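Peer 1: Pasting a structure below so you can have a look.
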Amino acid sequence: MQIFGVDIGGSGIKGAPVDLDRGDLAQERCKVLTPHPATPDGVADGVRQVVDHFGWTGPVGLTFPGVVTGGATVRTAANVDKSWIDTDARALFSDRLGGLPVTVVNDADAAGVAEMEFGAGRGRRGTVILLTFGTGIGSAVFVDGALLPNTELGHLELNGHDAERRASSKAKEDHDLSWEQWAHRVQKYLAHVEMLFSPELFIIGGGVSRKAQKFLHLIEDIQAEIVPAQLQNNAGIVGAAMRAAQHA
Ligand code: BGC
């Protein structure tokens, strides 16, 4: 079965039909730039361009970089335009897509769902936490494979700051941190999350997971196993489609 997946990120809106049996894109993905400011209207236009590129007419799953309840309503918008808060994103996107059935989920939850089924978390029981390091820090918490949605662990407090302002990959760029300096911050962050949840496994996702060999070996004193995500760039698209299939 195929469902269309769209990943809405800070820089790009990317999507493709997803082959749910293989957990992979069925066609090469299409990407348009995220408008700035990333308002609901502007983003919805970008989503329409991506979906129209394939002439898609079936169900669509979308990720959003904030809390999303009931597959529909956006509750927070840390790194996108604040006018998203309390928007019925399902209605907005469905309307812009000519009435196609739509499901909206948190971006890290989507990536986590895909990694648990097809990637680094496959077959893993107990507590597994996927953390995505990008513009912000996203989190997806699983117990015996079941997702606890919208955990928002990127906003834990670390040294008196919002953790994602200290340890996201954007923080690495903004403060011109070396891999060593940044890994030190990530380690402190992981230690804090470990103190709260004692997971068996951390999966490190986001764009930076492609560069895992540059920093994972610098992270010490964490009891849990730490592995890079495997689906990398496509985890959000695949996970969004998987969630849409569950809701369909
Ligand atoms: C948001 C999360 C999101 C993460 C990654 C955070 O700022 O609050 O909902 O998952 O960024 O995009």
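The values are calculated or read from the model by the stated rules, or taken from the named source; none is laboratory data. All values derive from a computational prediction rather than experimental measurement. Reconstructed Cβ throughout: ideal geometry from the backbone, glycine too, with neighbour counts over all protein chains shown. SASA here: full protein model, heavy atoms, side chains in, ligands and nucleic acids out. Shrake-Rupley method; radii C 1.70, N 1.55, O 1.52, S 1.80 Å.
Peer 1: Can you tell me which condition G119 does not meet? The list is (1) more than 9 Å from the ligand (Cβ to nearest atom); (2) within 15 Å of the chain's Cα centre (by Cα); (3) under 24 Å from G70 (Cβ atoms), and all the others hold.
Peer 2: Only one criterion in (1) more than 9 Å from the ligand (Cβ to nearest atom); (2) within 15 Å of the chain's Cα centre (by Cα); (3) under 24 Å from G70 (Cβ atoms) is unmet by G119, namely (3).
Peer 1: Which residues, taken from region 79-100, are open to solvent by less than 40 Å² (accessible area, probe 1.4 Å) and closer than 21 Å to L131 by Cβ?
Peer 2: V80 - this is the single residue of region 79-100 that is open to solvent by less than 40 Å² (accessible area, probe 1.4 Å) and closer than 21 Å to L131 by Cβ.
Peer 1: Looking at (1) under 16 Å from G236 (Cβ atoms); (2) more than 12 Å from the ligand (Cβ to nearest atom); (3) open to solvent by 30 Å² or more (accessible area, probe 1.4 Å); (4) not hydroxyl-bearing (S, T, Y), can you tell me which one V6 breaks?
Peer 2: (3)
Peer 1: List, please: which pairs have Cβ atoms under 6 Å, are six or more places apart or on different chains, and start with a residue in region 1-15 that is under 14 Å from R29 (Cα atoms) and outside any strand (DSSP E or B) and end with one that is open to solvent by less than 10 Å² (accessible area, probe 1.4 Å) and within 16 Å of the ligand (Cβ to nearest atom)?
Peer 2: none
Peer 1: Which condition breaks for V43 when tested against (1) in contact with a Phe, Trp or Tyr (Cβ under 9 Å, 6 or more places away or on another chain); (2) of a type in the set (V, I, T); (3) in a loop (DSSP other than H, G, I, E, B)?
Peer 2: Only one criterion in (1) in contact with a Phe, Trp or Tyr (Cβ under 9 Å, 6 or more places away or on another chain); (2) of a type in the set (V, I, T); (3) in a loop (DSSP other than H, G, I, E, B) is unmet by V43, namely (3).
Peer 1: While we're looking at this one, here's another question. What are the residues in region 20-36 that are under 23 Å from W84 (Cβ atoms), of a type in the set (A, V, I, L, M) and surrounded by 12 or more Cβ atoms within 10 Å (Cβ to Cβ), if any?
Peer 2: Residue satisfying the conditions is V32 alone.
Peer 1: Now a separate question. Any residue in region 106-117 that is under 11 Å from G145 (Cα atoms) and not assigned by TED's automatic domain parsing to the domain that holds A78 sitting within a Cβ distance under 6 Å of a residue that is open to solvent by less than 10 Å² (accessible area, probe 1.4 Å) and near the ligand (Cβ under 9 Å from one of its atoms)? List the pairs, counting only those 6 or more apart or interchain.
Peer 2: Pairs found: G112/A140.
Peer 1: How about region 129-147: which of its residues are more than 8 Å from the ligand (Cβ to nearest atom) and closer than 22 Å to I8 by Cβ? Break it down into steps so the answer makes sense when it comes.
Peer 2: Initial filter on region 129-147 (more than 8 Å from the ligand (Cβ to nearest atom)): 129-131, 133, 140-147.
The answer is L130, L131, F133, A140, V141, L147.
Peer 1: Could you check how many residues of region 53-104 are among the hydroxyl-bearing types (S, T, Y), outside any loop (DSSP other than H, G, I, E, B) and more than 14 Å from the ligand (Cβ to nearest atom)? Please lay out each step first, then the result.
Peer 2: Applying the first criterion (among the hydroxyl-bearing types (S, T, Y)) to region 53-104 yields 57, 63, 69, 73, 76, 83, 87, 94, 103.
Narrowing further to those that are outside any loop (DSSP other than H, G, I, E, B): 63, 69, 73, 83, 94, 103.
With the extra rule that they be more than 14 Å from the ligand (Cβ to nearest atom), the set shrinks to 83, 94, 103.
Qualifying residue count, region 53-104: 3.
Peer 1: Something else now. Could you please find all residues in region 58-78 being open to solvent by less than 10 Å² (accessible area, probe 1.4 Å) and under 12 Å from A38 (Cα atoms)?
Peer 2: F64, A77
Peer 1: For region 144-247, give me every one of the helices (runs of 4 or more DSSP H) that falls completely inside it and has 3 or more residues that are open to solvent by 10 Å² or more (accessible area, probe 1.4 Å), at pLDDT 95 or above and under 26 Å from L25 (Cα atoms).
Peer 2: Helices (runs of 4 or more DSSP H) meeting the threshold: 235-247.
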